[in-house]
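Below is one structure; the comments refer to it alone.
The values are calculated or read from the model by the stated rules, or taken from the named source; none is laboratory data. All values derive from a computational prediction rather than experimental measurement. Heads up, the Cβs are rebuilt from the backbone with ideal geometry, glycines too, and the neighbour counts pull from every protein chain shown. Calculation scope for accessible area: heavy atoms of the full protein, side chains included, ligands and nucleic acids excluded. Shrake-Rupley method; radii C 1.70, N 1.55, O 1.52, S 1.80 Å.
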Number of protein chains: 2
Amino acid sequence: MHKPRAEMIAQTRAKLVAAARQAFGTAGYADASMDDFTSAVGLTRGALYHHFGDKKGLLEAVIAEIDAEMDARLLAVSSRSQSQWQGFVDECTAYLEMALEPEIQRIVLRDGPSVLGDPATWPNQNKCILSMSANLKRLSADGIIRPGDPEALARLLNGALLHAASWIANSPEPEATSRRAVEGIKDLLNGLLRFPVATPANASGC
Amino acid sequence: MHKPRAEMIAQTRAKLVAAARQAFGTAGYADASMDDFTSAVGLTRGALYHHFGDKKGLLEAVIAEIDAEMDARLLAVSSRSQSQWQGFVDECTAYLEMALEPEIQRIVLRDGPSVLGDPATWPNQNKCILSMSANLKRLSADGIIRPGDPEALARLLNGALLHAASWIANSPEPEATSRRAVEGIKDLLNGLLRFPVATPANASGC
DNA sequence: TATAATAACATACGCAGCGTATGTCGATGT
DNA sequence: ACATCGACATACGCTGCGTATGTTATTATA
């Protein structure tokens, strides 16, 4: 029964990450006081520096946690799709929807790049890109889309999706804007198909 | 001879903006000390607070200046193109190249969104979007591209271009990556055309 | 032209927040 | 059992922001 040591440690780390995630997500990284959100879970900055080195280290941990969740959610979505093409479109849509969440917008998409540098330099951010480019590679090999550079396309589409999310989130009418964005994305993706479907309306079919 | 008052004021503002632009572009917004870069041009924080209210206000001014320069450069590029389609492609390429500059990356693309909120909420950032969507609208009306939502497409392409710029800038081989990105963009844009041109890569299709 | 008013700054002060250095206590290994 | 070490808390100094308060020169007014 004497093994709760490692558990306590993990719990402390988890509490710190959770507290920081809450604070970063609402107040933003710069305005989140380490004294405040550590004491909110009954700890001090001492524990924080011991486990994460500094404030940036904690942000990295928070982002890693969020990124892992995003990856799992994307995996769950694509595993439920029938056709390859449909799975790809579904993943794009799910990615866009996730990017709409304020916590992800604030921590991963805005403060993250500012504090930790460009996401392209992170070890994590590749997860989504890799998954996306793998999909595109298969689609290209199977002749479903026109030949091209899968990774380049994945990065371009990734940027388009993230930007669309910001557009939607800050729109006065998010619902309508979301529909416009999704239509636009389908339009873009449709242009990649070797044999595009006739009308944009049923671009998601196939 | 007595009119240098307004001139001196404008000069002070310009010096502050220039100093801040230099500091923000190299050290980043968070690590740029107001005391440091004001004294670098023979002023103090007093002048800064008088003219710009606070540090964020100064960042807004810096971004506005950079944005105006970007807009002028884009205008110059598109005015030199013959066809509408070529002009659009040229503008996209120029936009990508500008987004490669470290100063723009750091100030406008990373720190700006983090400090001032999403660019979609700025009054300026619309310049490029508006110009882009106007181009797309004309292209659509003239039947050069397939029908669609010009503004949505503009935002998606804008995101793709910005993301591509980050990808290139942080790539170990920027030259090669740049070529891949440009090819990918052309591929994407080509998919928008009503009658896609045959590229060496997909000469057999369509 | 003398003086009042105001704008353009500089100076001075207080305070929040980060990082480090140091201390304490309980768990683990032998 | 005792020594060691890891997991935190405490204490301290320093940087840097914002504000409140001068100081000086230009403009307005009489």
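The residue of region A:12-33 that is farthest from DNA strand D (Cβ to nearest atom), among those that are in contact (Cβ under 8 Å) with a residue 12 or more places away in the chain and farther than 22 Å from B:Gly117 by Cα, is A:Ala18.
Would you check if A:Ser131 is of a type in the set (S, T, N, Q) and at pLDDT 90 or above? Judged against the criteria, A:Ser131 is not a match.
Under the condition of being part of a loop (DSSP other than H, G, I, E, B) and more than 9 Å from DNA strand C (Cβ to nearest atom), which residue from region B:42-61 is least open to solvent (accessible area, probe 1.4 Å)?
Residues of region B:42-61 that are part of a loop (DSSP other than H, G, I, E, B), as a first pass: B:42-44, B:53-54.
From what's left, more than 9 Å from DNA strand C (Cβ to nearest atom): B:53-54.
Numbers: B:Gly53: 45, B:Asp54: 66 Å².
My answer is B:Gly53.
The residues on offer are B:Gln84, B:Gln11, B:Gln22, and the sole one that is open to solvent by 50 Å² or more (accessible area, probe 1.4 Å) and closer than 30 Å to B:Leu189 by Cβ is B:Gln84.
Number of residues in region A:138-181 that are open to solvent by less than 40 Å² (accessible area, probe 1.4 Å), more than 8 Å from chain B (Cβ to nearest Cβ) and over 16 Å from the mean Cα position of the chain (by Cα) equals 8.
Yes or no, residue by residue, for (1) free of Cβ contacts under 8 Å to residues at least 12 places away in the same chain; (2) within 16 Å of DNA strand D (Cβ to nearest atom):
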residue: B:Glu7; (1), (2): yes, yes
residue: B:Phe37; (1), (2): no, yes
residue: B:Leu43; (1), (2): no, yes
residue: B:His51; (1), (2): no, yes
residue: B:Leu58; (1), (2): no, yes
residue: B:Ile66; (1), (2): no, no
residue: B:Arg73; (1), (2): no, no
residue: B:Trp85; (1), (2): no, no
residue: B:Ile104; (1), (2): no, no
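Just give me the residues in region A:1-37 being polar (S, T, N, Q) and more than 9 Å from DNA strand C (Cβ to nearest atom), in sequence order. Selection gives A:Gln11, A:Thr12, A:Gln22, A:Thr26. Within region B:91-117, track down each residue that is within 10 Å of another protein chain (Cβ to nearest Cβ), open to solvent by less than 10 Å² (accessible area, probe 1.4 Å) and among the small types (Gly, Ala, Ser). Within region B:91-117, just B:Gly112 meets the criteria.
Out of (1) within 15 Å of A:Met70 (Cα to Cα); (2) at the interface with chain B (Cβ under 10 Å from one of its Cβ atoms), what's the single condition that is false for A:Thr121? Tallying (1) within 15 Å of A:Met70 (Cα to Cα); (2) at the interface with chain B (Cβ under 10 Å from one of its Cβ atoms), A:Thr121 fails exactly one: (1).
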